[in-house]
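Read the structure below first, then the notes.
The values are calculated or read from the model by the stated rules, or taken from the named source; none is laboratory data. Predicted model, so just to flag it, every value in this text is computed and none were measured. All Cβ positions, glycine included, derive from the backbone under ideal geometry; neighbour counts span all protein chains shown.
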Ligand code: TYD
């Protein structure tokens, strides 16, 4: 399990963005990501629809907003931190953090690079259970 300080070491890592009259091209390198990527998935999130509402026990994630804008709140049992992300602003999320996010300016598409394969047992989906787990583990 990661230490408390590691848990809150969320970084916004910027992508290179090339904009021209045809549209946009974004680039990041795998070197920017601190973990070995085992899974890539994407989320299309309709405007104003809240998603997330869970924590992961082991999983590290790297969020890349491809289109739209999201507001994401990360929290532990004590405090929380809010980020607004648009294309070019990627967020590294470590395990042990409750997350809620919403597409806040139209629909959004998010690419997620993950350190582990999908495993439902890695999720905590109930906030009270998360607080109990948080108090036990950290
Ligand atoms: P979930 O992680 O709860 O999405 P969000 O945090 O955006 O609300 O996943 C939504 C559903 O998709 C849930 O039933 C689990 C399933 N799922 C997979 O089958 N594979 C995956 O890689 C992921 C991330 C989710």
Could we say that residue 53 is touching a residue at least 60 places away in the same chain (Cβ under 8 Å), part of a strand (DSSP E or B) and on the phi > 0 side of the Ramachandran plot here? yes
Name every residue in segment 122-138 that is within 13 Å of the ligand (Cβ to nearest atom) and touching a residue at least 60 places away in the same chain (Cβ under 8 Å), in order of residue number. 122, 123, 124, 125
Yes or no: residue 110 within 15 Å of the ligand (Cβ to nearest atom) and loosely packed, with under 13 Cβ neighbours inside 10 Å? no
Which listed residue is within 16 Å of the ligand (Cβ to nearest atom) and surrounded by fewer than 14 Cβ atoms within 10 Å (Cβ to Cβ), from 100, 117: 117
Could you check, for segment 20-34, whether at least one of its residues is part of a strand (DSSP E or B) and within 16 Å of the ligand (Cβ to nearest atom)? no
Reported set for segment 60-89 where residues are touching a residue at least 24 places away in the same chain (Cβ under 8 Å) and assigned to a loop (DSSP other than H, G, I, E, B) is 60, 68, 69, 76, 77, 87, 88
Right, residue 131: at pLDDT 95 or above, assigned to a strand (DSSP E or B) and surrounded by 13 or more Cβ atoms within 10 Å (Cβ to Cβ) or not? no
So which pairs qualify, if the first residue must be in segment 28-50 and within 18 Å of residue 89 (Cβ to Cβ), the second must be within 14 Å of the ligand (Cβ to nearest atom) and in a strand (DSSP E or B), the Cβ gap must be under 6 Å, and the two must be at least 6 apart or on different chains? 33/62; 42/111; 43/110; 45/51; 45/103; 45/108
Residues located in segment 35-47, provided they are away from the ligand (no atom under 14 Å from the Cβ) and either part of a strand (DSSP E or B) or farther than 30 Å from residue 138 by Cα (or both): 47
Going through segment 13-32 one residue at a time, which ones are surrounded by fewer than 13 Cβ atoms within 10 Å (Cβ to Cβ) and either modelled with pLDDT of 95 or more or touching a strand residue (DSSP E or B) at 6+ places or on another chain (Cβ under 8 Å) (or both)? 14, 16, 18, 19, 20, 21, 22, 23, 24, 25, 27
If only one of 54, 60 is within 16 Å of the ligand (Cβ to nearest atom) and surrounded by fewer than 18 Cβ atoms within 10 Å (Cβ to Cβ), which one is it? 54
Within segment 84-96, identify whether any single residue is more than 18 Å from residue 41 (Cα to Cα), under 12 Å from the mean Cα position of the chain (by Cα) and within 13 Å of the ligand (Cβ to nearest atom), and answer yes or no. no
